[in-house]
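The values are calculated or read from the model by the stated rules, or taken from the named source; none is laboratory data. All values derive from a computational prediction rather than experimental measurement. Cβ: placed from backbone, ideal geometry, glycine included. Neighbour counts: every protein chain shown. SASA here: full protein model, heavy atoms, side chains in, ligands and nucleic acids out. Shrake-Rupley method; radii C 1.70, N 1.55, O 1.52, S 1.80 Å.
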Amino acid sequence: AQRAGIKVFATGGIGGVHRGWQGSLDISADLRELACRSVTVVCSGAKALLDLPSTLEYLETMGIPVIGLATETLPAFFSIDSGLALRQSASDIEEVVEIITHRRSLKLNGGEVIAVPPPSSFALPWNQIKEWVNKAISEARAADIRNQFLTPFLLDRIAELSEGRTILVNIALIQNNAKVAGQLAVLLNQGRSYE
């Protein structure tokens with residue numbers, strides 16, 4: 001995205017620090033890229049099947065700010081609130097523009113994560129998501145599913161356990177994140193904030 005001149009990127013959820021990382025050192029490559037690329041990523045937090053507290057800690061360690069848009073807690077992808085407090089939040093998109101503009105004026109390396117909760121009409125309770133994730137992880141362990149096969153298995157199994165509701169949330173949050181990213185890109189371009 002940075003090489004192509006794209007300043008704002010939308011996705012569903014970023015990768016992160018995987019559960020059991022202490023034994024595998026499994027940390028998604030996108031976190032490292034966020035630390036050295038000046039691209040703002042709009043997402044609904046990190047994927048719910050990850051180690052969310054460790055992901056937040058890693059982002060902080062790498063100097064990547066996680067800014068909640070109209071939230072003071074990290075969204076948990078399918079859920080509005082993971083219960084993890086964010087160090088920085090913005091009440092509206094104009095405040096996000098100010099934060100990004102100030103960061104760029106300081107010539108700081110890396111991008112920002114703009115954490116946008118999924119639309120409330122589609123979001124699922126965090127406790128229910130955790131239950132499905134834990135069940136899917138137990139099943140994966142029992143079947144010895146690991147490495148690059150683990151995440152697809154978990155996402156498919158969580159969709160089955162939720163009777164497709166997680167898929168509906170995923171579609172809604174991606175559409176919402178793309179809308180927010182588009183608005184942010186327009187405002188930043190109007191102010192030429194990245195120049």
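Structural remarks
- Taking the 1.4 Å solvent-accessible surface of the chain as the whole, the part contributed by carbon and sulfur is 53%.
- Note on surface exposure: Cys36, Cys43 rank Cys36, Cys43 by accessible area, highest first, 1.4 Å probe.
- What separates the Cα centres of region 80-118 and region 124-143 is a distance of 29 Å.
- Placing Arg157, Arg87, Arg165 in order of accessible area, with the largest value first and a 1.4 Å probe, yields Arg87, Arg165, Arg157.
- Its DSSP H runs of at least 4 residues, each contributing -39,500 (n - 2.57), put the calculated 222 nm mean residue ellipticity of the chain at -15000 deg cm²/dmol, to the nearest 500.
- Solvent-accessible area per residue for the chain (1.4 angstrom probe, square angstrom): 52
- At the residue level, Asp81 shows approximately 70 square angstrom of accessible surface with a 1.4 angstrom probe and all protein chains present.
- In this label model, Glu139 and Asp92 are separated by 4.5 nm, measuring between points 7 Å along each Cα→Cβ vector.
- Rounded to the nearest 10 Å², the accessible area of Phe122 at probe 1.4 Å: 90
- In the chain, lysine pairs with alpha-carbon atoms under 24 angstrom apart (chain gap of 8 or more, or interchain): 6
- Stokes-Einstein D for region 100-195, Kirkwood Rh over Cα pairs, 25 °C, 0.890 mPa s (µm²/s): 151
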